[in-house]
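The values are calculated or read from the model by the stated rules, or taken from the named source; none is laboratory data. Just so it is clear, the structure is predicted and the values come from calculations on it, not from any experiment. No Cβ is skipped: glycine too gets one built from the backbone with ideal geometry, and neighbour counts run over all protein chains shown.
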């Protein structure tokens with residue numbers, strides 16, 4: 001039993017008043033007692049002092065009960081004999097964290113093993129708290145205030161207040177706690193951090209080294225991510241999914257109906273009196289379950305709790321939760337559902353008939369004769385590549401399709417091409433529905449990027465695309481925003497000359513002192529200085545052309561593991577040790593990008609006086625990485641090609657957006673196509 005003083009509890013003043021509380025039948029009481037036995041839980045036995053007006057509550061374990069008589073065993077039987085000499089039985093108390101039953105029973109017997117009671121025909125039920133207090137399950141805590149640290153454990157909690165208790169290693173440290181100042185609390189289960197936040201001290205009880213704090217949370221609404229003006233609307237799905245998870249503080253399975261849902265979070269409603277969601281609490285292993293049997297798993301966090309309803313009524317607590325982590329395939333499924341809910345013709349990475357897809361590309365003129373001439377020799381390999389891209393839905397690629405009555409009307413795709421950068425390409429639409437479908441897939445991509453931008457698993461810091469300056473639609477959408485935004489550091493435009501290199505004749509000897517070799521970190525530093533001078537754009541960061549980042553094999557390995565081909569090489573052309581040009585060599589499956597912009601060399605000429613013959617000789621060397629006839633080459637700066645009179649088939653603008661500024665771009669698009677910016 002332990003020291004009787006430690007078991008002293010406040011006994012309800014109305015516990016013996018038959019005129020208060022709600023009457024509960026014996027059958028209900030017996031069922032409750034048997035449930036407590038089944039769960040290996042305890043009841044409280046109230047004992048009153050024979051002389052003084054004191055009472056103590058001792059824990060006892062009820063035996064299975066069939067009717068009138070109840071047998072209980074003491075939970076901690078030591079020292080009970082001494083207690084029974086000075087205390088008499090008063091009543092039985094059954095608490096569940098919110099309500100309690102007071103059972104005025106007839107005592108049949110009591111000893112140091114337990115007691116036997118004759119149950120009454122009815123007992124009384126009282127409301128103890130507005131919100132049920134939930135007992136914690138093996139949750140360790142750390143309380144910190146201005147350099148004073150208290151290791152303790154969580155005893156019980158509500159979403160508003162909680163209680164921690166523990167033993168001080170240095171009792172004098174208790175005097176250093178200022179109860180008028182907030183404390184910082186961390187809750188952990190094993191090695192996993194469940195919660196951290198600020199609390200006000202409501203009460204502090206101490207007995208020598210042992211101490212108990214009752215704390216109230218400082219705030220019940222906070223932001224996990226930076227605020228965004230452009231937020232995708234949450235959808236109320238019919239039928240609405242549920243969230244199912246094991247509560248990290250109480251170890252109990254929780255199943256709640258979802259209110260609304262987006263790609264970044266969701267809301268749920270609880271009965272206020274039974275609520276279990278503590279704002280700030282991490283929720284690992286949350287399963288979002290749909291009626292069709294689909295289940296998506298994620299790590300979530302409770303961000304807000306707002307109570308609705310009038311005092312005295314049964315009120316609800318609406319909690320907003322953020323999705324922090326989710327397996328990327330599951331997230332694509334989630335976004336597919338949400339896009340369908342917004343527009344039944346909008347599909348994300350859906351299965352598509354490849355014959356219909358190729359027919360769409362040719363019918364829309366996306367594959368025009370000049371483009372087809374370059375990849376028709378590899379058409380069988382290209383068909384195989386697209387079969388994998390569009391049927392297996394690898395995590396490195398996404399496609400967005402506007403489909404009406406089985407016909408593809410619009411298409412746009414994305415691929416992860418660098419560590420944290422995605423290429424937007426293959427935007428096409430049928431002329432019969434070009435405006436509606438073309439804008440629909442562009443809006444889909446905007447919503448998709450907006451949902452993903454905050455997730456580390458998406459590797460989405462930059463998006464980029466190439467387009468010809470005379471192509472009116474991308475020039476209006478992408479180029480128009482870049483010019484209006486007017487900041488190369490957040491959205492940049494760089495002009496490239498595009499051509500195909502074909503080696504001719506025998507390879508001439510290398511002239512001294514020119515050298516072509518693998519690029520060094522110093523070369524990349526020089527490249528960065530040059531690019532900042534001529535552009536100050538985003539290409540260097542987006543293309544991983546910085547010391548330490550260049551040459552990372554993670555993306556290449558992802559491609560390889562999925563059965564695709566991707567290699568990256570960096571070469572530097574030097575003269576006497578000075579960097580004259582740098583060559584970014586990307587090798588992928590033929591047709592991965594239909595203009596071969598993912599399977600080409602990007603030549604950055606740093607010294608504008610570099611002889612064109614040395615650039616050509618360098619291209620001859622790196623062309624050994626390519627198969628087929630004609631190696632695509634993008635040359636920057638465009639002015640170098642013009643000044644030297646080099647062959648140029650067309651020009652491409654590289655548009656790059658830092659996703660930290662996605663709000664500005666999405667608002668621009670909203671105003672461009674809908675007449676007013678969203679979020680204003």
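Condition first: in contact with a helix residue (DSSP H, G or I) (Cβ under 7 Å, 6 or more places away or on another chain) and assigned to a loop (DSSP other than H, G, I, E, B). Now tell me which residues in the range 89-119 satisfy that. Can you show your working first?
Of the residues in the range 89-119, the ones in contact with a helix residue (DSSP H, G or I) (Cβ under 7 Å, 6 or more places away or on another chain) are 94, 98, 101, 103, 110, 112, 119.
Correct list: 98, 112, 119.
Can you say whether residue 232 is surrounded by 14 or more Cβ atoms within 10 Å (Cβ to Cβ) and under 20 Å from the mean Cα position of the chain (by Cα), as far as the supplied structure shows?
Values: surrounded by 14 or more Cβ atoms within 10 Å (Cβ to Cβ): yes; under 20 Å from the mean Cα position of the chain (by Cα): yes.
Yes, satisfied.
Give the residues of the range 413-452 that are within 21 Å of residue 597 (Cβ to Cβ), assigned to a loop (DSSP other than H, G, I, E, B) and in contact with a strand residue (DSSP E or B) (Cβ under 8 Å, 6 or more places away or on another chain), sorted by residue number.
420
Can you tell me which condition residue 477 does not meet? The list is (1) surrounded by 15 or more Cβ atoms within 10 Å (Cβ to Cβ); (2) modelled with pLDDT of 95 or more; (3) part of a helix (DSSP H, G or I), and all the others hold.
Unmet condition: (2).
Just a yes or no: is a residue in the range 80-87 closer than 30 Å to residue 158 by Cα, in contact (Cβ under 8 Å) with a residue 40 or more places away in the chain and part of a strand (DSSP E or B)? Give the derivation first.
Within the range 80-87, the first condition is being closer than 30 Å to residue 158 by Cα, and the residues that meet it are none.
No, because not a single residue in the range 80-87 is closer than 30 Å to residue 158 by Cα, in contact (Cβ under 8 Å) with a residue 40 or more places away in the chain and part of a strand (DSSP E or B).
Which residue out of 194, 131 is out of contact with any helix residue (DSSP H, G or I) (no Cβ under 8 Å at 6 or more places or on another chain) and either free of Cβ contacts under 8 Å to residues at least 24 places away in the same chain or surrounded by 12 or more Cβ atoms within 10 Å (Cβ to Cβ) (or both)?
Numbers: 131 fails: out of contact with any helix residue (DSSP H, G or I) (no Cβ under 8 Å at 6 or more places or on another chain).
Within the list 194, 131, the selection yields 194.
Out of the range 655-672, which residues are in contact with a strand residue (DSSP E or B) (Cβ under 9 Å, 6 or more places away or on another chain) and more than 15 Å from residue 483 (Cβ to Cβ)?
At the first step, the residues of the range 655-672 found to be in contact with a strand residue (DSSP E or B) (Cβ under 9 Å, 6 or more places away or on another chain) are 655-659, 661-662, 664-665.
Once the filter is applied, which keeps residues that are in contact with a strand residue (DSSP E or B) (Cβ under 9 Å, 6 or more places away or on another chain) and more than 15 Å from residue 483 (Cβ to Cβ), the range 655-672 yields 658, 659, 662.
Hey, can you tell me all the residues within the range 496-520 that are closer than 18 Å to residue 585 by Cα and surrounded by 13 or more Cβ atoms within 10 Å (Cβ to Cβ)? If you could, list the steps in order and put the result at the bottom.
Quick first cut of the range 496-520, residues closer than 18 Å to residue 585 by Cα only: 496-503, 515-520.
Hits for the range 496-520 are 496, 497, 498, 499, 500, 501, 503, 515, 516, 519, 520.
Restricting attention to the range 400-412, report how many residues are in a strand (DSSP E or B) and surrounded by fewer than 22 Cβ atoms within 10 Å (Cβ to Cβ). Step through it out loud before you land on a result.
Of the residues in the range 400-412, the ones in a strand (DSSP E or B) are 400-404, 407-412.
Imposing the further condition that a residue be surrounded by fewer than 22 Cβ atoms within 10 Å (Cβ to Cβ) reduces the set to 403-404, 407.
Count: 3.
Would you confirm whether or not the range 463-473 contains a residue that is touching a residue at least 12 places away in the same chain (Cβ under 8 Å) and in a helix (DSSP H, G or I)? Reasoning before the result, please.
Residues of the range 463-473 that are touching a residue at least 12 places away in the same chain (Cβ under 8 Å), as a first pass: 463-469, 473.
In the following step, the residues that additionally are in a helix (DSSP H, G or I) were identified as 473.
Within the range 463-473 (the criterion being touching a residue at least 12 places away in the same chain (Cβ under 8 Å) and in a helix (DSSP H, G or I)), the answer is yes, since at least one residue qualifies.
So is residue 249 assigned by the TED database to the domain that holds residue 296, in a loop (DSSP other than H, G, I, E, B) and either at pLDDT 90 or above or under 30 Å from the mean Cα position of the chain (by Cα) (or both) or not?
Answer is yes for this residue.
Being surrounded by fewer than 15 Cβ atoms within 10 Å (Cβ to Cβ) and either in contact (Cβ under 8 Å) with a residue 40 or more places away in the chain or part of a strand (DSSP E or B) (or both) is the filter here; which residues of the range 300-315 pass it?
Here is the first cut: in the range 300-315, the ones surrounded by fewer than 15 Cβ atoms within 10 Å (Cβ to Cβ) are 306, 308-314.
Within the range 300-315, 306, 308, 314 qualify.
Within the range 177-217, count every residue that is under 23 Å from residue 301 (Cα atoms) and either assigned to a strand (DSSP E or B) or assigned by the TED database to the domain that holds residue 246 (or both).
First, the residues of the range 177-217 that are under 23 Å from residue 301 (Cα atoms): 182-200, 215-217.
Right, trim to either assigned to a strand (DSSP E or B) or assigned by the TED database to the domain that holds residue 246 (or both) and you get 183-189, 192-200, 215-217.
So the answer is 19.
Residues in the range 618-637 that are touching a strand residue (DSSP E or B) at 6+ places or on another chain (Cβ under 8 Å) and either outside any loop (DSSP other than H, G, I, E, B) or not assigned by the TED database to the domain that holds residue 535 (or both): how many? Explain how you work it out, then say what you get.
Initial filter on the range 618-637 (touching a strand residue (DSSP E or B) at 6+ places or on another chain (Cβ under 8 Å)): 618-623, 625-626, 630-637.
Subset that is either outside any loop (DSSP other than H, G, I, E, B) or not assigned by the TED database to the domain that holds residue 535 (or both): 618-623, 625, 631-636.
Adding up the residues that qualify gives 13.
Return the pairs, sorted by first residue and then second, in which the second residue is at pLDDT 90 or above and buried (at least 20 other Cβ atoms within 10 Å of the Cβ), the first residue lies in the range 390-416 and is within 14 Å of residue 355 (Cα to Cα), the beta carbons are less than 7 Å apart, and the residues are 6+ apart or on different chains.
If the second residue must be at pLDDT 90 or above and buried (at least 20 other Cβ atoms within 10 Å of the Cβ), the pairs left are 390/399; 408/360; 408/401.
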